[in-house]
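Read-outs: derived from the displayed coordinates by stated rules, not from any lab. As the structure is a computational prediction, the values presented were derived from the model and not from experiment. Note that each Cβ is placed from the backbone with ideal geometry, even for glycine, and that neighbours are counted across all protein chains shown.
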Amino acid sequence: MDKHAQTGWLHRLVTRRSVLATSTVGLAVPAAMTLGAGGSGMHTAQAQTGVVKKITMYAENLPNNEVGYGLEPGKATIPGPLLQIYEGDTLEITLVNRTDKRLSIHPHGVDYSTESDGSPLNNSFNGPGETRVYTWRSREMTFAGQGRMFIPGSAGYWHYHDHAYGGDHGTIGLTKGLYGGLIVRRRGDILPDKTFVAVLDDSRINNKKAPDTPMFEANLGQRVEFLAIGHGSLYHTFHLHAHRWADNRTGYLESPSDPSAIIDIKDLNPGTSFGFQVIAGQGVGPGAWMYHCHVQSHSDTGMSGIFLVRNADGSMPPGAQEAIDRFHGHTHAATAGDVPPPPAPEGHSHN
Amino acid sequence: MDKHAQTGWLHRLVTRRSVLATSTVGLAVPAAMTLGAGGSGMHTAQAQTGVVKKITMYAENLPNNEVGYGLEPGKATIPGPLLQIYEGDTLEITLVNRTDKRLSIHPHGVDYSTESDGSPLNNSFNGPGETRVYTWRSREMTFAGQGRMFIPGSAGYWHYHDHAYGGDHGTIGLTKGLYGGLIVRRRGDILPDKTFVAVLDDSRINNKKAPDTPMFEANLGQRVEFLAIGHGSLYHTFHLHAHRWADNRTGYLESPSDPSAIIDIKDLNPGTSFGFQVIAGQGVGPGAWMYHCHVQSHSDTGMSGIFLVRNADGSMPPGAQEAIDRFHGHTHAATAGDVPPPPAPEGHSHN
Amino acid sequence: MDKHAQTGWLHRLVTRRSVLATSTVGLAVPAAMTLGAGGSGMHTAQAQTGVVKKITMYAENLPNNEVGYGLEPGKATIPGPLLQIYEGDTLEITLVNRTDKRLSIHPHGVDYSTESDGSPLNNSFNGPGETRVYTWRSREMTFAGQGRMFIPGSAGYWHYHDHAYGGDHGTIGLTKGLYGGLIVRRRGDILPDKTFVAVLDDSRINNKKAPDTPMFEANLGQRVEFLAIGHGSLYHTFHLHAHRWADNRTGYLESPSDPSAIIDIKDLNPGTSFGFQVIAGQGVGPGAWMYHCHVQSHSDTGMSGIFLVRNADGSMPPGAQEAIDRFHGHTHAATAGDVPPPPAPEGHSHN
């Protein structure tokens, strides 16, 4: 695969957090493979039909003593690129270590041999300056051989991270920013318009504190996907204002009789992850909606950010810019009463 | 709505923790709206049929430097009144701030515009002495437009709390007691005989330490509902002795094939909440059953209480009063053997 | 039941962690009682068909200031013996306290009267040197009387522990090792080839720190069950490399439309427990796979261990012994590159 073709392919497969948002066209959906919930012949679909996708990732130093993963030299980000595949696909990752420390890439949720474990235990890491190939496979659910039971497939809101930098568990690498999102979709899953990745790592979100935490932006009515990941050594609860989801694999109810609890907050402890989709502003309208860790000592010390739901046409809704300004500390006066504040002119500048 | 009518209505809609227990008659169930799990025409029921319910709440100072919400002046409690609606209903809350601090009311799980967000970010709070209206809407699940997927409705075991007192996240307000339960029911849900609200906030339960934590009381065979809420900055696990429930939306299995785990303890971290129903004493009999945080350093320092299951006729079961006495430290001697202690006289006082 | 018969029965019912692994023949499965997910007449099966199983357990001091439960005098282990029953069965446990402290046995998930609560609150404990009988009952799900709702049965991945040693909540007893696993199976559940119990208690696993944590061993393709239990006062997340499961009652999907999230890590906070089955090495091959708490400060200080998946014939797979050696610190040099290390001779000794 030449560089140009690869780049084009990467633009379809892999999207970076803030540059491309997360395009769903990266997922080549085979025709006629949509799987209904009660699809007949389900357990005969054991032949993996996936393709092998090869990418190169670069681990490199960033300013501020941080380290990140990127898809091109000099383009590392924190979090690293969001990787997306379908159940049955294989990701073959050539990891180039451009630092002078050992490091690795260890995924959650997918299949890998010990050589691709990413752990020092299995001697699976890149020494300083080294290049190493890691292979991640995935599969669909299979019949468990009894009753109606099935062995789970790989579909999930997963993540990947270093497991070797500065220790056997990657603790230093994680602190420096060596982590990213990984989504494995089941055929038939609803695809989002965009995906946001929020990593609550120790007392930061994506290695940032408020007001420098990411502002996630969507237009009213867009289908937005959140992938929330926990890292470090502290416990967290991820809360999104004015939106809710089902506490299950997708965030949707699989049917009217799906027993899943409906939630708007979920524990997000180190190493765990979850994801869900919401319709931006559904039932609540546009505006600057807060997302934050609900552990009070964490929200008070910088673990919060803004989910900006713009008007359907992309314009700024009343009050949103003022809220953003307030979040950034540009305005300090606040008044309150039982009358909502007057709407602000669209696009009102705060300077 | 005049005051008298409103009060009568409030007695039906809203119940206070310890005064009324939780009447279920507050929920006006429209006839012929019970929704079966596999109800036909489900996804056509998108027209909201709910009613608008208007209440006034008062935030005011309490002794011991606490602050609470109440439905009448001078009647604030901790937790605040338990609010209950059906999916589709709207709650319009006129919040009267009778303190000299800014504060607000922010709900989980329901729909609200930025004006009713309750956050300083959106300039949504009551200044000292001010009155402000907050509107919370709710809705039923709706078809997601693909497969059998549904976008979740509002039904859930939620809560509300201050988001502005002493900071942008209400940390001080929460510590002082500005929180309460909110239940949104799906039509067809089983209604309980009574509901208990237990808020694990930092090292306390409903702002109390043992032995002053609430004693929840029911008669053998009553259908009892627990709403458990976490607040503050510590992690907790809520455990109830001798009773268990399904880890899903209701605590019941939705059908024999409901895959939910059965639990008798659940993580209860800051900002999260869950609820479930049990039949008091089912399979285990009456008695003084402990509920407590299972984090050992928390249970040892006051995060425990008693769920008293009386006999079916309301009388005191053998041994229960002794257990209550022991809990209150009135008796200190303990003997043990394989013979149960003799039954105590019914209603035996420990004073 | 004479001693010989009881011992034979115990070998069928109860298995000890490391001696017998967990035999499934201990569960006498009544013929024709397998319950399909959509079994007709489900809610009429309310007659309990279980048997009463009587065992004697001994709580006794161990070296290193620890205390454990055992099925015979002088045979206490940490964790204590894994107890397994089917829904409907009753366990009658005669607990012999061979220490000079008060202690008890308190179960999660099953039914017991206040006399068998195991709590000082209910005067339910063994004084020093005393013997006391604790009775645990279990039951199947029952119709809830409305819609398709069912009241959960007792099936689950539970545990038991002291609730009286050194305080009213057993905090000292837990620290010393007074805990064990309890599995209640639903008729029709898939039985494992072996079961492993991992208790994350404060900063240890089964009261051990790496590299002395248990090494769980299975052959490629064996059906392996993990029962994970949290204890103490710290929060944890249990992660298993290269294997995943459904976040529900069994770890399997109950049907293709089971909405459960698929996970490879789960919160494991004090007092909570969960279990799941995996096919050892499925899709990933044999090897030394890590299991560990993913709280970085915990994995770095000893909360990790090895799940050794041998070849199908029980022989040692390439690289596994080297990994085990590395884990034990016998080798310190590590090299890395994009070429896997050469395979080690089968059964290679590290001494």
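A few notes on this one:
- Separation in nanometres of the label points that stand 7 Å from Cα toward Cβ, at C:Val133 and B:Lys54: 6.6 nm
- Shielding by other protein chains, B:164-177, mean Cβ within 10 Å: 3
- Contact order, relative form, for region B:106-162: 39 percent (alpha carbon pairs under 8 Å, 6 or more residues apart, mean separation divided by residue count).
- Listing B:Glu140, C:Glu115, A:Glu60 from fewest to most neighbouring C-beta atoms within 10 Å gives A:Glu60, C:Glu115, B:Glu140.
- Averaged over the residues of peptide B:119-130, the number of Cβ atoms from other protein chains lying within 10 Å of each residue's Cβ is 6.
- Peptide A:183-190 has a mean of 2 when you count, residue by residue, the C-beta atoms of other protein chains within 10 Å of its C-beta.
- Region C:47-189: C-alpha gyration tensor shape, a/c 1.5 cut-off, then a/b vs b/c: prolate
- Cβ-placed point charges (K, R +1; D, E -1), dipole of region A:137-286 about Cα centre in debye, nearest 20: 300 debye
- The modelled label-to-label distance between C:Glu72 and B:Ala312, using points 7 Å beyond Cα along the C-beta direction, is 4.7 nm.
- Here B:Lys75 yields copy-to-copy label distances, from shortest upward, of 6.4, 6.4 nm, the label point defined as 7 Å from Cα along Cα to C-beta.
- Region C:47-189: antiparallel DSSP beta bridges as a percent of all, rounded to 5: 65 percent
- Placed amide H near C:Phe125: partners under 5 Å, 5+ positions off or other chain: B:Gly337
- Cα-based shape type of region B:64-105, given that a ≥ b ≥ c are square roots of the gyration tensor eigenvalues and the cut on a/c is 1.5: prolate
- Cα shape, region A:212-296, gyration tensor, a/c 1.5 rule: oblate
- Around C:His241: net Lys/Arg minus Asp/Glu count, Cβ-Cβ under 9 Å: -2
- Taking each of B:Lys209/B:Lys266; B:Lys266/C:Lys75; B:Lys53/B:Lys194; B:Lys194/C:Lys266; B:Lys101/B:Lys266; A:Lys209/A:Lys266 in turn, the alpha-carbon distance tops 26 angstrom for B:Lys266/C:Lys75; B:Lys194/C:Lys266; B:Lys101/B:Lys266.
- In the frame of its principal axes, region B:190-334 has Cα extents of 48, 41, 22 Å, reported largest first.
- Rounded Å value of the spacing that divides the Cα centres of region C:195-267 and region B:151-166: 32 Å
- Each copy carries C:Val52; placing its label point 7 Å along the C-beta direction from Cα gives inter-copy distances of 6.4, 6.4 nm, listed from smallest up.
- Neighbour net charge for A:Ser257 - beta-carbon separation under 9 angstrom, K R +1, D E -1: -3
- Nm distances between copies for B:Gly221, ranked from closest, using label points 7 Å along Cα→Cβ: 5.6, 5.6
- Take every pair of alpha-carbon atoms less than 8 Å apart whose residues are at least six positions apart; their mean separation over the length of region C:48-108 yields a relative contact order of 40 percent.
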